[in-house]
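Asks: This structure is in structure tokens; I'll ask about it shortly.
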Amino acid sequence: MPSPHAIQLHPKTGLRFTRLGLGTAPLGGLFAPVDEAQAQATLEAAWQAGLRYFDTAPQYGNGVAERRTGAFLGQKAREAFLLSTKVGRLLRPGPLHPSQLDPRGEPYFKGVPQLAQVYDYSYRGVMVSLEESLERLGMSQVDILYIHDPDADNRSVVEVMGGAYKALLELRQKGVVRAIGVGMNHTDWLLEFARAGDFDLLLVAGRYTLLEQGALRELLPLCVQKGIGVVVGGVYNSGLLANPSPGTTYNYTTAPPELIERALALQRVCERHGVPLKAAAIQFPLWHPAVVSVLTGARSDRELEENVAMFQTPILPALWQDLKAGGLLPMEVPTPED
């Protein structure tokens, strides 16, 4: 049974990750507004539960999540937590980028300033982005800086490596940040970046979960080989593994029937073992040796407390064995009995 405040040391950087971290997209109003008091209560619940790794980004609520996260963490001793943010999107007045809108044409983030996210993966763009993030956070530095979703604006790996990556290397060399990485939900792109650069971390969103393991065959072994730590986000696949039913979301849009059926099959096996599907989903990634932390989002203290409870739910090896035997997990997936 994992503990949310257990520490995983990343030898390459010396960073000490809590096994469970908090992703702050929901605190930026993803899908529904979150008021200030609720956001601060959620952050406090995370802290009380022992979480010490916090991830944010300019994208999350067009700066709102960074401001809220910084306001909370600014009250804590700086050495007591790890903080990551991201570069690649500058917030400016103007029409919204298509990636900011859901299939109905509505903004993904609700109750926040409607600023345009201007994609900029240049050297200068990274420097400006970090400066603006630090201002919103009210901090002089962050521990980890990720290049954020270059696929969302169809930027090539070559372009990003020639601009943003050079800036990140310089920032790490000067000690402005302690670690650099890439965060996105496309395994093939992440694999290209891992091969091309000297990254410390990858944030793999939704591609190493109980539902799908696209990162397993090539990406995760390469990370082990190169000493790249992996932070896994999107463990519920945007909601499908939290509530597998018609109308639920997957990859931020309506889940297709075949994936709902697969999630329901996973749920049936879990129920036979008396384990909530969410518990299996939140714990599954931890058993791979490349993974240093699992990020989950929460929009309220109650959601945060439920995530922690799911993280601490006892799961016997027999569950993982049955999922493999039923063809719902590849036999080579690392699980506790291995």
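Asks: Determine which member of the set Gln117, Gln59 is surrounded by 20 or more Cβ atoms within 10 Å (Cβ to Cβ), touching a Pro at 6+ places or on another chain (Cβ under 8 Å) and closer than 24 Å to Asp35 by Cβ.
Replies: On the way: Gln59 fails: touching a Pro at 6+ places or on another chain (Cβ under 8 Å).
Answer to the check: Gln117.
Asks: Taking the range 161-188, which residues are among the β-branched types (Val, Ile, Thr) and under 18 Å from Ser133 (Cα atoms)?
Replies: The initial filter retains those residues of the range 161-188 that are among the β-branched types (Val, Ile, Thr), namely 176-177, 180, 182, 187.
Val176, Val177, Ile180, Val182 - these are the residues of the range 161-188 that are among the β-branched types (Val, Ile, Thr) and under 18 Å from Ser133 (Cα atoms).
Asks: Determine whether the range 294-307 contains at least one residue that is open to solvent by 10 Å² or more (accessible area, probe 1.4 Å), within 18 Å of the chain's Cα centre (by Cα) and among the polar types (S, T, N, Q).
Replies: Yes, the conditions are met somewhere in the range 294-307.
Asks: Right, another one. Just one of Thr254, Thr313 is among the polar types (S, T, N, Q) and either at pLDDT below 95 or open to solvent by 30 Å² or more (accessible area, probe 1.4 Å) (or both); which is it?
Replies: Numbers: Thr313 fails: either at pLDDT below 95 or open to solvent by 30 Å² or more (accessible area, probe 1.4 Å) (or both).
Answer to the selection: Thr254.
Asks: Which pairs do you get when a residue that is within 20 Å of Arg207 (Cβ to Cβ), found in the range 251-274, comes within reach of a residue that is open to solvent by less than 60 Å² (accessible area, probe 1.4 Å) and among the hydroxyl-bearing types (Ser, Thr, Tyr), reach meaning Cβ atoms under 6 angstrom, with the pair 6+ apart or on two chains?
Replies: Asn251/Ser238; Tyr252/Ser238; Ala255/Thr248; Leu259/Tyr250
Asks: Okay, next question. Which numbered condition trips up Leu264, out of (1) out of contact with any strand residue (DSSP E or B) (no Cβ under 7 Å at 6 or more places or on another chain); (2) surrounded by 15 or more Cβ atoms within 10 Å (Cβ to Cβ); (3) farther than 16 Å from Arg19 by Cα; (4) aliphatic (A, V, I, L, M)?
Replies: (2)
Asks: Which residue is surrounded by the fewest Cβ atoms within 10 Å (Cβ to Cβ), if the candidates are limited to the range 189-218 and must be within 17 Å of the chain's Cα centre (by Cα) and among the charged types (D, E, K, R)?
Replies: Glu212
Asks: Here is a follow-up. Would you be able to say whether some residue in the range 183-190 is among the hydroxyl-bearing types (Ser, Thr, Tyr), out of contact with any Phe, Trp or Tyr (no Cβ under 8 Å at 6 or more places or on another chain) and modelled with pLDDT of 95 or more?
Replies: Applying the first criterion (among the hydroxyl-bearing types (Ser, Thr, Tyr)) to the range 183-190 yields 187.
Of the ones still in play, those that are also out of contact with any Phe, Trp or Tyr (no Cβ under 8 Å at 6 or more places or on another chain) are 187.
Retained after the next criterion (residues that are modelled with pLDDT of 95 or more): 187.
So far as the range 183-190 goes, yes, one or more of its residues are among the hydroxyl-bearing types (Ser, Thr, Tyr), out of contact with any Phe, Trp or Tyr (no Cβ under 8 Å at 6 or more places or on another chain) and modelled with pLDDT of 95 or more.
Asks: I've got another one for you. Any idea how many residues of the range 1-30 are within 16 Å of Gly233 (Cβ to Cβ) and not hydroxyl-bearing (Ser, Thr, Tyr)? Talk me through it step by step, then tell me what you get.
Replies: Initial filter on the range 1-30 (within 16 Å of Gly233 (Cβ to Cβ)): 4, 8, 17-28, 30.
Checking which are not hydroxyl-bearing (Ser, Thr, Tyr) leaves us with 4, 8, 17, 19-23, 25-28, 30.
Result for the range 1-30: 13.
Asks: I would also like to ask the following. Within the range 312-327, how many residues turn out to be outside any helix (DSSP H, G or I) and touching a residue at least 24 places away in the same chain (Cβ under 8 Å)? Break it down stepwise before answering.
Replies: Going residue by residue through the range 312-327, those that are outside any helix (DSSP H, G or I) are 313-316, 326-327.
Cutting the leftovers down to touching a residue at least 24 places away in the same chain (Cβ under 8 Å) gives us 313-316, 326.
The qualifying residues number 5.
Asks: Scan the range 219-240 for residues that are modelled with pLDDT under 95 and open to solvent by less than 10 Å² (accessible area, probe 1.4 Å) and report the count.
Replies: So the count comes out to 2.
Asks: Say we look at the range 1-47 and pick out the residues that are open to solvent by less than 10 Å² (accessible area, probe 1.4 Å), assigned to a helix (DSSP H, G or I) and of a type outside the set (Ser, Thr, Tyr); which of these is farthest from Leu101 (Cα to Cα)?
Replies: It comes out as Ala46.
Asks: Within the range 33-77, which residues are among the basic types (Lys, Arg) and within 18 Å of Val112 (Cβ to Cβ)?
Replies: Residues of the range 33-77 that are among the basic types (Lys, Arg), as a first pass: 52, 67-68, 76.
Within the range 33-77, Arg67, Arg68 qualify.
Asks: Which residues, taken from the range 67-118, are over 27 Å from Arg52 (Cα atoms) and in contact with a Lys or Arg (Cβ under 6 Å, 6 or more places away or on another chain)?
Replies: Ala116, Gln117, Val118 - these are the residues of the range 67-118 that are over 27 Å from Arg52 (Cα atoms) and in contact with a Lys or Arg (Cβ under 6 Å, 6 or more places away or on another chain).
The values are calculated or read from the model by the stated rules, or taken from the named source; none is laboratory data. Just so you know, these numbers come straight off a predicted model, no measurement behind them. So basically every Cβ, Gly included, is an ideal-geometry build from the backbone, and we count neighbours across all protein chains shown. Ligands, DNA and RNA are stripped out before the accessible areas are found, and what is left, the full protein with its side chains, is counted by its heavy atoms. Shrake-Rupley method; radii C 1.70, N 1.55, O 1.52, S 1.80 Å.
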